[in-house]
Amino acid sequence: MWNTPDICDDYPTQVTPLAPLYQNFGGVKAFSGEVETVKCFEDNSRVKELLSTPGHGRVLVVDGGASLRCALIGDLIAASAIENGWSGIVIRGCCRDVHELQTMPFGVRALASIPLKSTRKGAGESGVTIDMDGVEVRPGMWLYADETGMLISDESLPIETGHRD
């Protein structure tokens, strides 16, 4: 089975690590998939909207502006994502319902957790290029995450992917 150090060794020019700022909050420690993106600030409307559509094993990468004031995902939205076949989510921001998220078969990485939910005013953009702490992330890229870290690649790498637990 794959791991991010081996991917770095095998594909050194094809992967870029994301900054080691993100904590693991999900029940799945290792996940991968094609990237979809959201850019939002303290409004999880686009996050909820996208995760309620068919995921086909994709990973949602969210630039939440690094806000630590409210959560962009909790257990209900994660349950919808699982039901719709998403592999995981990476949030440059916060999550909540950590106890529940840890029991769910879904990858969740975020900067921190906070109990306060976000507002829903319909703000935010999906399918756009985002900046994840100095790394440009676009829809259609691939993300590989495990206990060691997270990697971004322009394309799917010839390794076995999916959940690894």
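The values are calculated or read from the model by the stated rules, or taken from the named source; none is laboratory data. Source: prediction; values computed, not measured. Please note: Cβ atoms are built from the backbone with ideal geometry, for glycine as well, and neighbour counts cover all protein chains shown.
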Do you know which residues across region 92-108 are out of contact with any helix residue (DSSP H, G or I) (no Cβ under 8 Å at 6 or more places or on another chain) and surrounded by 24 or more Cβ atoms within 10 Å (Cβ to Cβ)?
R92, G93, C94, G107
For region 76-91, how many residues meet the condition of being β-branched (V, I, T) and within 19 Å of L151 (Cβ to Cβ)?
3
Matching residues in region 12-30 - criterion: being farther than 13 Å from T148 by Cβ and either touching a strand residue (DSSP E or B) at 6+ places or on another chain (Cβ under 7 Å) or buried (at least 16 other Cβ atoms within 10 Å of the Cβ) (or both)
Q14, T16, L21, Q23, F25, G26, G27, V28
Please note which strands (runs of 3 or more DSSP E) are completely contained in region 93-165 and include at least 1 residues that are over 28 Å from R69 (Cβ atoms) and under 16 Å from the mean Cα position of the chain (by Cα).
142-145, 150-153
Lone qualifier among S118, S113, S67, S87 - being within 14 Å of R46 (Cβ to Cβ) and at pLDDT 95 or above
S118
Provide a single number: the residues in region 109-132 that are hydrophobic (A, V, I, L, M, F, W, C), surrounded by 15 or more Cβ atoms within 10 Å (Cβ to Cβ) and out of contact with any Cys (no Cβ under 8 Å at 6 or more places or on another chain).
2
Of all the residues that make up region 27-52, how many are β-branched (V, I, T) and touching a Phe, Trp or Tyr at 6+ places or on another chain (Cβ under 9 Å)?
2
So, in region 28-52, exactly how many residues are out of contact with any Leu (no Cβ under 9 Å at 6 or more places or on another chain), assigned to a loop (DSSP other than H, G, I, E, B) and more than 30 Å from N3 (Cβ to Cβ)?
2
In this structure, does G74 turn out to be out of contact with any helix residue (DSSP H, G or I) (no Cβ under 7 Å at 6 or more places or on another chain), within 22 Å of D131 (Cα to Cα) and buried (at least 16 other Cβ atoms within 10 Å of the Cβ)?
no
